[in-house]
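Report on the following structure.
The values are calculated or read from the model by the stated rules, or taken from the named source; none is laboratory data. Please read these numbers as outputs of a predicted model, since none were measured by experiment. Don't worry about glycine lacking a Cβ; one is built from the backbone with ideal geometry, like all the others, and counts go over all protein chains shown.
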Amino acid sequence: MKFASHVEEIDISGIRKCFEGAGPGAINLGLGQPDFDTPDHIKRAAIEAIEEGFTGYTMNLGTAELRDALSEKFRRENGLDYVPGEIMVTSGASEALFLAIAAVVEKDDEVLMSDPGFVSYSALARVTQGRPIAVPMDERFHLTAEAVAEKVTSRTKALVVNSPNNPTGSVQTREELRALAELADDHDFALISDEVYEHFIYEGEHVSPALYSDNVVTINAVSKTYAMTGWRLGYLAARGEALENMLKVHQYVQACASSVSQRAALAAVSGPQDCVREMRDEFLMRRDVLVEGLQSMGIDIAMPEGAFYAFPKVGDGSDVAARLIKGGVVTVPGFAFGSRCKEHIRISYAASMDDIKTALGRMREIL
Ligand SMILES: Cc1ncc(COP(=O)(O)O)c(C=O)c1O
């Protein structure tokens, strides 16, 4: 078998590599998923769906009930007026990201993304034979329109924006997002807005850039918000032709998202939301303990404004992550998220308070 060179060139995720070498008893602060269990009322909805025999294909776009509920969610939480026909249910935000990029990128087209940034974006740009273009974030890990404008060329087809941000925890301001949306309009490229951490904000507010431009593809998922990473259920919303083109790819690669997970997602987005607030409050307490602990060791750390990651500057990030793994704490070296963050490590605080405190104790000894 001969493989496509543009696929062979893609590295296996740096995040996966860093779990290798972790011994038994290691505390895992490398993972990007809530350590909570999916709330009971959501699980029950899925069990009922199975018992009812709701186990076949659904419409390609997703069930009408779920898209109605998502339309209502967009109005209630984001102030956006997406009608159900502008919404597609996908297998996680991951598939939605792929569809958004695949719909606009041709060979050698450019996809702009922040450096540092989530690992998938550059890989997806490569899978579609496009070219990932890194845009440096500023010193507070915010992505400015000025920095993006410097990288825009006639080949720019998309910009991926992720606020709250993985791996830095930064939250873009309304003005920053409005300026990015205006840039997308000025140059007619897609602004792909990855909003999977929208409910985990401790400083600032969540703003959807789709408020300011019709060139935005809004991407979200129940994965992080409701502790449902394994259910593989995400969604995207886009105007007019954009959705139609993404649907062409989706119907052939995926057909539809899991029927059972769609019922679970319906219970999640239309049911009580206290579980989300409880998780957010718990993450906030953990963030404060983690950041205080790191600061007390003299480690340079920007206060994370959202998501559940801290991104301290530690010197040689790879060396520190390797020493921490030997000492029983798994983190992710900064290079996994781009070329400008070799001095950082990403620490996830989606772990129990006990684990965070034990890990801090181990870090103090090791560092
Ligand atoms: C910023 C960001 N976007 C998307 C995803 C993927 O989400 P999903 O599990 O819904 O595919 C992740 C997962 O870590 C993420 O951190």
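Listed here are the residues, each with its yes/no results for (1) of a type in the set (A, V, I, L, M, F, W, C); (2) within 17 Å of Leu159 (Cβ to Cβ); (3) surrounded by fewer than 20 Cβ atoms within 10 Å (Cβ to Cβ); (4) in contact with a helix residue (DSSP H, G or I) (Cβ under 7 Å, 6 or more places away or on another chain).
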site	(1), (2), (3), (4)
Ile87	yes, no, no, yes
Val105	yes, yes, no, yes
Gly117	no, yes, no, yes
Leu124	yes, yes, no, yes
inquiry  = Which numbered condition in (1) over 26 Å from Ala102 (Cβ atoms); (2) charged (D, E, K, R); (3) without any contact (Cβ under 8 Å) to a residue 40 or more places away in the chain is the only one that Glu241 fails?
reply    = (1)
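State which residue is surrounded by the fewest Cβ atoms within 10 Å (Cβ to Cβ) when the search covers only segment 192-228 and only residues that are part of a strand (DSSP E or B), in contact with a Pro (Cβ under 9 Å, 6 or more places away or on another chain) and not polar (S, T, N, Q). First the steps, then the outcome.
Looking only at segment 192-228, we keep the residues that are part of a strand (DSSP E or B), and these are 192-194, 201, 216-221.
Then keep just the ones that are in contact with a Pro (Cβ under 9 Å, 6 or more places away or on another chain); that gives 193, 201, 216, 218.
Now restrict to residues that are not polar (S, T, N, Q): 201, 216.
Details: Ile201: 19, Val216: 28.
Among those residues, the one meeting the criterion is Ile201.
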inquiry  = Criterion first (hydrophobic (A, V, I, L, M, F, W, C) and part of a helix (DSSP H, G or I)) does Ala257 satisfy it?
reply    = no
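From the residues in segment 85-113 that are assigned to a strand (DSSP E or B) and more than 27 Å from Ala268 (Cα to Cα), which one is farthest from the ligand (Cβ to nearest atom)? Reasoning before the result, please.
The initial filter retains those residues of segment 85-113 that are assigned to a strand (DSSP E or B), namely 87-90, 110-113.
Of the ones still in play, those that are also more than 27 Å from Ala268 (Cα to Cα) are 110-113.
On the way: Glu110: 20, Val111: 15, Leu112: 16, Met113: 11 Å.
Filtering segment 85-113 for residues that are assigned to a strand (DSSP E or B) and more than 27 Å from Ala268 (Cα to Cα), the one farthest from the ligand (Cβ to nearest atom) comes out as Glu110.
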key: Selection count where residues are among the aromatic types (Phe, Trp, Tyr) and either in contact with a strand residue (DSSP E or B) (Cβ under 8 Å, 6 or more places away or on another chain) or within 15 Å of Ile219 (Cβ to Cβ) (or both), scope segment 41-94   = 2
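Could you say whether any residue in segment 302-310 is in contact with a helix residue (DSSP H, G or I) (Cβ under 7 Å, 6 or more places away or on another chain), assigned by TED's automatic domain parsing to the domain that holds Lys357 and more than 19 Å from Glu203 (Cα to Cα)?
Checked segment 302-310: no residue is in contact with a helix residue (DSSP H, G or I) (Cβ under 7 Å, 6 or more places away or on another chain), assigned by TED's automatic domain parsing to the domain that holds Lys357 and more than 19 Å from Glu203 (Cα to Cα).
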note = In segment 352-367, anything at pLDDT 95 or above and assigned to a loop (DSSP other than H, G, I, E, B) is listed as Ser352
remark   = Scanning segment 146-184 for residues that are within 17 Å of Val104 (Cα to Cα) and polar (S, T, N, Q), the one farthest from the ligand (Cβ to nearest atom) turns out to be Ser154
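Looking at segment 259-273 only, could you name the residues that are touching a residue at least 12 places away in the same chain (Cβ under 8 Å) and not hydroxyl-bearing (Ser, Thr, Tyr)? Quick ask: steps written out before the conclusion?
If we filter segment 259-273 for residues that are touching a residue at least 12 places away in the same chain (Cβ under 8 Å), which is where we start, we get 259-272.
Once the filter is applied, which keeps residues that are touching a residue at least 12 places away in the same chain (Cβ under 8 Å) and not hydroxyl-bearing (Ser, Thr, Tyr), segment 259-273 yields Val260, Gln262, Arg263, Ala264, Ala265, Leu266, Ala267, Ala268, Val269, Gly271, Pro272.
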ask   = Does segment 89-101 hold any residues that are buried (at least 21 other Cβ atoms within 10 Å of the Cβ) and either farther than 24 Å from Met59 by Cα or touching a helix residue (DSSP H, G or I) at 6+ places or on another chain (Cβ under 7 Å) (or both), and which are they?
value = Val89, Thr90, Leu97, Phe98, Leu99, Ala100, Ile101
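On the basis of being at positive phi, within 14 Å of the ligand (Cβ to nearest atom) and in the same structural domain as Ala265 (by TED's automatic domain parsing), does Gly79 make the cut?
Numbers: at positive phi: yes; within 14 Å of the ligand (Cβ to nearest atom): no; in the same structural domain as Ala265 (by TED's automatic domain parsing): yes.
When the stated conditions are applied, Gly79 does not pass them.
Looking at Glu51, Glu139, can you tell me which residue is at pLDDT below 95, away from the ligand (no atom under 16 Å from the Cβ) and out of contact with any Phe, Trp or Tyr (no Cβ under 6 Å at 6 or more places or on another chain)? Walk me through how you get there before you give the answer.
Numbers: Glu51 fails: at pLDDT below 95.
Testing whether each residue is at pLDDT below 95, away from the ligand (no atom under 16 Å from the Cβ) and out of contact with any Phe, Trp or Tyr (no Cβ under 6 Å at 6 or more places or on another chain) leaves just Glu139.
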Scan of segment 308-330 for residues that are out of contact with any Ser or Thr (no Cβ under 8 Å at 6 or more places or on another chain) and in a loop (DSSP other than H, G, I, E, B), ordered by number = Pro312, Val314, Gly315, Asp316, Gly327, Gly328
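When segment 295-309 is examined, which residues are found to be closer than 13 Å to Leu360 by Cα and either within 16 Å of the ligand (Cβ to nearest atom) or not β-branched (Val, Ile, Thr) (or both)?
Our first condition is that a residue be closer than 13 Å to Leu360 by Cα; within segment 295-309, this holds for 295-299.
Within segment 295-309, Gln295, Ser296, Met297, Gly298 meet the criteria.
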